[in-house]
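To keep things clear, I will list the structure first and then write my remarks on it.
The values are calculated or read from the model by the stated rules, or taken from the named source; none is laboratory data. If you're wondering where the values come from, they're calculated on a predicted model, not measured in any experiment. In this analysis, Cβ positions are derived from the backbone assuming ideal geometry, glycine residues included, and neighbour counts consider all displayed protein chains. When the accessible area is computed, the model is the full protein with side chains, heavy atoms only, and any ligands, DNA or RNA have been set aside. Shrake-Rupley method; radii C 1.70, N 1.55, O 1.52, S 1.80 Å.
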Amino acid sequence: MIEKLIGEMPKVGIRPIIDGRRKGIRESLEEKTMNMALSVAKLIESKLKYPNGEPVQCVIADATIGRVNESALCEGKFRKENVGLTISVTPCWCYGSETIDYHPLRPKAIWGFNGTERPGAVYLAAALAAHNQLGIPAFGIYGDQIQDLNDDSIPADVEEKLLQFAKAGLAVSMMQNKSYLSIGSICMGIAGSDVQSSFFQKYLGMRREAVDMSEVIRRMEQKIYDEAEFEKAKLWVKKNCKQGLDLNKRENQRNADEKEGDWERSILLTMIVRDLMVGNEALADKGFLEEAGGHNALISGFQGQRQWTDFMTNGDFMESILNTSFDWNGKREPYIVATENDSLNAVSMLFGHLLTNTSQLFADVRAFWSPESVQRVTGERLEGKAADGIIHLINSGAATLDFAGVQKKDGEAVVKPFWEITDEECQQEMEKTSWYPATTEYFRGGGYSSHFMTESEMPVTMCRLNLVDGDQPVLQIAEGYTVVLPDNVSEILDKRTDPTWPTTWFAPRITGKGAFKDVYSVMNNWGANHGAISYGHIGKELISLAALLRIPVNMHNVEEDKVFRPTLWNAYGTAHLEQADFQVCRKLGPLYGRN
């Protein structure tokens, strides 16, 4: 998807910083300094990929940087090469404010070599002091073990921080100049669907685009879509989409012709929303030049309820398939589409996607099941990671199929980037999913809702961006696990909500303190009705990303020693990190403009 958007992929700029004093000092450090830059570039290019599966590219300054003129030459190259973030590296003392990256918006980090022959740590401290004094935050990276000067390896703790910073910095850069596409408007009074253009502009560097849902009808009626692809998609759906029983009351069931029409409109809706986001050259061939361009949308949301769903096929199939890593055209990067036009959950999903390259689960944070409640209702006790209680993650069938729990890596259940998913796993996901006729009490216009049960235990992270008092964003993070309940227990609990919708049982990792005192407290402190769930424990990466965007984190269960922010945050206190986070973000203001 991202490769269809306008704009090049951001590159990582590597700045080899050196002691500028010649006649012996600089000359003795040239090879070591450049070797550090080369090793960082090799690490990043071998470990990280863009969301399209291509390796992340690095750009190294043409020469070491010892004085301000060399900083300027490096900056000129980086601007031409579309560098989106920088990592400065040095084994020695250098001239601090002359050699730092002054770019006001670009994420930046400095690795100071921990050695005794030359004081790399001294430069690191001086450079970070300059960054902090100027109000241009930078991450500081310093290994916890002394290295010999001729040791060109990257210690494990340094590698972890380099990659954590790079992931967060790339995410910031990939959002710039892209769009959030709002299809429709406010949905059922959900605050996240009241899309705030100023937030997207000031905090993410994105624009808000909007089209009325009537545009979808126009494209359906005037056949503003690829008709050959439509026929291909119908065959794929007929072969692969298993239709579930109609659980509506008989008087509310749609007839066979209406259901067949629902399938066709579901497919068309999927194609049209995708085309609205990223465009489609096939439309130009039919004479629809404007429509072929799309809205350069990295993410989107579809209002649906109720002005659409009261008389038209619902968006569940569209949202589910677009958020999944494959469709009738094969495997591809998932499109991020939020149910009910919840723009804030779309952003939360985007954060997880850009950090992991995997599809994201959109879900209602529906109910907390205490161990006592489960035992009362089912007669069974919760065990294992579920023993302290669980949260029911469920929505009306719009969840990515990649969370069915069938993907495997080294024998463990995972959610993979699309280029690692096998054809067999795609087929298994389709086999695990039933498409039930939509509940017409909710969706009078019909449609189809996916149903699957996440069948594997996996480490996951749930997050949610919220706006407070109109314009202050805050981020919530809860690491935990999907859990598998006994079939009879899961069935009883699931049927109490809606058996036509996909279910994931979530057990957050509790700490005994604050919002994570127990599972009830996690549910009670969650800031909205929706959450975005990503495979893996990525809380530390989310915290680093939030710091770069000047968004404070008001709730998380990440271990304190894994929290990695720019060193400016330390100046606002080290005993109460959450309070310091709020103070720094308030002082700096939004990354792309102050309120």
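Take the stretch 403-431 and flag every residue that is assigned to a helix (DSSP H, G or I) and on the phi > 0 side of the Ramachandran plot. Break it down into steps so the answer makes sense when it comes.
Step one: of the stretch 403-431, the residues assigned to a helix (DSSP H, G or I) are 403-404, 418-420, 423-431.
If the condition is that a residue be assigned to a helix (DSSP H, G or I) and on the phi > 0 side of the Ramachandran plot, then no residue fits.
Which of the residues that make up the stretch 376-395 are part of a loop (DSSP other than H, G, I, E, B), among the hydrophobic types (A, V, I, L, M, F, W, C) and in contact with a Leu (Cβ under 9 Å, 6 or more places away or on another chain)?
The initial filter retains those residues of the stretch 376-395 that are part of a loop (DSSP other than H, G, I, E, B), namely 379-383, 387-389, 395.
From the residues that got through so far, the ones that are among the hydrophobic types (A, V, I, L, M, F, W, C) too are 382, 387.
Scanning the stretch 376-395 gives a single hit, Leu382.
Check the stretch 222-235 and report whether any residue there is open to solvent by 80 Å² or more (accessible area, probe 1.4 Å), over 27 Å from Asn345 (Cα atoms), part of a loop (DSSP other than H, G, I, E, B) and not charged (D, E, K, R).
Yes, the stretch 222-235 has at least one match.
When the residues of the stretch 553-572 are filtered to those that are in a helix (DSSP H, G or I) and in contact (Cβ under 8 Å) with a residue 12 or more places away in the chain, which remaining residue is most open to solvent (accessible area, probe 1.4 Å)? First the steps, then the outcome.
So in the stretch 553-572, the residues in a helix (DSSP H, G or I) come out as 560-562, 567-572.
With the extra rule that they be in contact (Cβ under 8 Å) with a residue 12 or more places away in the chain, the set shrinks to 560, 562, 567-569, 571-572.
On the way: Glu560: 134, Lys562: 89, Thr567: 30, Leu568: 14, Trp569: 12, Ala571: 80, Tyr572: 80 Å².
Out of the qualifying residues, it is Glu560.
Just to be sure, is Thr504 surrounded by fewer than 20 Cβ atoms within 10 Å (Cβ to Cβ), modelled with pLDDT of 95 or more and of a type in the set (S, T, N, Q)?
So Thr504 does not fit the description; no.
Under 8 Å by Cβ, and 6 or more places apart or on different chains, what pairs join a residue from the stretch 180-202 that is under 15 Å from Ala338 (Cα atoms) and assigned to a helix (DSSP H, G or I) with one that is aromatic (Phe, Trp, Tyr) and modelled with pLDDT under 95?
Between residues of the stretch 180-202 that are under 15 Å from Ala338 (Cα atoms) and assigned to a helix (DSSP H, G or I) and residues that are aromatic (Phe, Trp, Tyr) and modelled with pLDDT under 95, there is no close pair.
Does Gly352 fit the bill of being open to solvent by less than 20 Å² (accessible area, probe 1.4 Å) and either closer than 15 Å to Ile299 by Cα or modelled with pLDDT of 95 or more (or both)?
Working: open to solvent by less than 20 Å² (accessible area, probe 1.4 Å): yes; either closer than 15 Å to Ile299 by Cα or modelled with pLDDT of 95 or more (or both): yes.
Yes; evaluated as a whole, the condition is true for this residue.
Could you list, in sequence order, all residues of the stretch 3-28 that are over 17 Å from Ser71 (Cβ atoms), in contact (Cβ under 8 Å) with a residue 40 or more places away in the chain and out of contact with any Asp or Glu (no Cβ under 6 Å at 6 or more places or on another chain)?
Once the filter is applied, which keeps residues that are over 17 Å from Ser71 (Cβ atoms), in contact (Cβ under 8 Å) with a residue 40 or more places away in the chain and out of contact with any Asp or Glu (no Cβ under 6 Å at 6 or more places or on another chain), the stretch 3-28 yields Glu3, Lys4, Leu5, Ile6, Gly7, Glu8, Met9, Pro10, Val12.
Is it the case, given these coordinates, that Glu333 is surrounded by fewer than 23 Cβ atoms within 10 Å (Cβ to Cβ) and in contact (Cβ under 8 Å) with a residue 60 or more places away in the chain? Outline the logic, then answer.
Values: surrounded by fewer than 23 Cβ atoms within 10 Å (Cβ to Cβ): yes; in contact (Cβ under 8 Å) with a residue 60 or more places away in the chain: yes.
Against the criterion (surrounded by fewer than 23 Cβ atoms within 10 Å (Cβ to Cβ) and in contact (Cβ under 8 Å) with a residue 60 or more places away in the chain), Glu333 qualifies.
Are any of the residues in the stretch 348-371 part of a loop (DSSP other than H, G, I, E, B) and charged (D, E, K, R)?
To start, the set of residues in the stretch 348-371 that are part of a loop (DSSP other than H, G, I, E, B) comprises 357-360, 370.
If we keep only those that are charged (D, E, K, R) as well, we get none.
No, that holds for no residue.
Would you check which residues across the stretch 273-301 are open to solvent by 40 Å² or more (accessible area, probe 1.4 Å) and either in contact with a Ser or Thr (Cβ under 8 Å, 6 or more places away or on another chain) or at pLDDT below 95 (or both) and list them?
His295
Let me spell it out: the conditions are (1) open to solvent by less than 10 Å² (accessible area, probe 1.4 Å); (2) out of contact with any Asp or Glu (no Cβ under 8 Å at 6 or more places or on another chain), and Gln133 meets all of them except one. Which number is the exception?
(1)
Quick one: Gln307 ticks every box in (1) assigned to a helix (DSSP H, G or I); (2) open to solvent by 50 Å² or more (accessible area, probe 1.4 Å); (3) of a type in the set (S, T, N, Q) except a single one, so which number is it?
(1)
Taking the stated definitions as given, is Glu333 part of a helix (DSSP H, G or I) and of a type in the set (D, E, K, R)? Before the answer, list the steps.
Numbers: part of a helix (DSSP H, G or I): no; of a type in the set (D, E, K, R): yes.
No.
State which residue is most open to solvent (accessible area, probe 1.4 Å) when the search covers only the stretch 466-478 and only residues that are free of Cβ contacts under 8 Å to residues at least 60 places away in the same chain and in a strand (DSSP E or B).
Looking only at the stretch 466-478, we keep the residues that are free of Cβ contacts under 8 Å to residues at least 60 places away in the same chain, and these are 468-469, 472.
Filter once more, keeping what is in a strand (DSSP E or B): 468, 472.
On the way: Val468: 72, Gln472: 56 Å².
Among those residues, the one meeting the criterion is Val468.
Tell me whether the stretch 8-16 contains one or more residues that are within 29 Å of the chain's Cα centre (by Cα), at pLDDT 95 or above, more than 26 Å from Leu134 (Cβ to Cβ) and not polar (S, T, N, Q).
First, pick out the residues of the stretch 8-16 that are within 29 Å of the chain's Cα centre (by Cα): 8-15.
Those still in the list that are at pLDDT 95 or above too: 9-15.
Next, from what is left, pick out any that are more than 26 Å from Leu134 (Cβ to Cβ): 9.
Checking which are not polar (S, T, N, Q) leaves us with 9.
Looking through the stretch 8-16, at least one residue is within 29 Å of the chain's Cα centre (by Cα), at pLDDT 95 or above, more than 26 Å from Leu134 (Cβ to Cβ) and not polar (S, T, N, Q).
State yes or no: is Lys238 over 30 Å from Val468 (Cα atoms) and at pLDDT 95 or above?
On the way: over 30 Å from Val468 (Cα atoms): yes; at pLDDT 95 or above: yes.
Against the criterion (over 30 Å from Val468 (Cα atoms) and at pLDDT 95 or above), Lys238 qualifies.
Quick check on Glu455: is it surrounded by fewer than 20 Cβ atoms within 10 Å (Cβ to Cβ), in contact (Cβ under 8 Å) with a residue 40 or more places away in the chain and under 12 Å from Cys241 (Cβ atoms)? Full working, then the answer.
On the way: surrounded by fewer than 20 Cβ atoms within 10 Å (Cβ to Cβ): yes; in contact (Cβ under 8 Å) with a residue 40 or more places away in the chain: yes; under 12 Å from Cys241 (Cβ atoms): no.
The answer is no for Glu455.
Just need a number here: residues in the stretch 1-42 that are more than 30 Å from Val278 (Cβ to Cβ) and not in a helix (DSSP H, G or I).
Restricting attention to the stretch 1-42, the residues satisfying the condition of being more than 30 Å from Val278 (Cβ to Cβ) are 14-42.
Now narrow it down to the ones that are not in a helix (DSSP H, G or I): 14-24.
Total satisfying the criteria: 11.
Which residue, of Tyr442, Tyr481, is over 17 Å from Ser359 (Cβ atoms), open to solvent by 10 Å² or more (accessible area, probe 1.4 Å), aromatic (Phe, Trp, Tyr) and outside any loop (DSSP other than H, G, I, E, B)? Quick ask: steps written out before the conclusion?
Working: Tyr442 fails: outside any loop (DSSP other than H, G, I, E, B).
Only one candidate qualifies: Tyr481.
Mind checking which residues of the stretch 46-66 are outside any loop (DSSP other than H, G, I, E, B), out of contact with any helix residue (DSSP H, G or I) (no Cβ under 6 Å at 6 or more places or on another chain) and crowded, with 18+ Cβ neighbours inside 10 Å?
Within the stretch 46-66, just Val59 meets the criteria.
When you look at Ala398, is it assigned to a loop (DSSP other than H, G, I, E, B), buried (at least 23 other Cβ atoms within 10 Å of the Cβ) and not aromatic (Phe, Trp, Tyr), yes or no?
Values: assigned to a loop (DSSP other than H, G, I, E, B): yes; buried (at least 23 other Cβ atoms within 10 Å of the Cβ): yes; not aromatic (Phe, Trp, Tyr): yes.
Taking the combined requirement at face value, the residue satisfies it.
Which residue out of Asp518, Asp498, Asp494 is more than 24 Å from Tyr448 (Cα to Cα) and either modelled with pLDDT under 95 or open to solvent by 10 Å² or more (accessible area, probe 1.4 Å) (or both)?
On the way: Asp498 fails: more than 24 Å from Tyr448 (Cα to Cα); Asp494 fails: more than 24 Å from Tyr448 (Cα to Cα).
When all the criteria are applied, what remains is Asp518.
For Pro371, only one of the following conditions fails: (1) in contact (Cβ under 8 Å) with a residue 40 or more places away in the chain; (2) open to solvent by 10 Å² or more (accessible area, probe 1.4 Å). What is its number?
The number of the failed condition is (1).
Yes/no per residue for (1) of a type in the set (Lys, Arg); (2) more than 20 Å from Pro417 (Cα to Cα); (3) under 17 Å from the mean Cα position of the chain (by Cα):
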site	(1), (2), (3)
His295	no, yes, no
Gln303	no, yes, no
Thr313	no, yes, no
Glu319	no, no, yes
Phe326	no, no, no
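Can you work out which of the residues in the stretch 180-198 that are buried (at least 23 other Cβ atoms within 10 Å of the Cβ) and not hydrophobic (A, V, I, L, M, F, W, C) is nearest to Gly7 (Cα to Cα)?
Taking the stretch 180-198 and keeping what is buried (at least 23 other Cβ atoms within 10 Å of the Cβ), we get 180-184, 187, 192-193.
Then drop every residue that is not not hydrophobic (A, V, I, L, M, F, W, C), which leaves 180, 182, 184, 192-193.
On the way: Tyr180: 15, Ser182: 21, Gly184: 26, Gly192: 28, Ser193: 27 Å.
Among those that are buried (at least 23 other Cβ atoms within 10 Å of the Cβ) and not hydrophobic (A, V, I, L, M, F, W, C), it is Tyr180.
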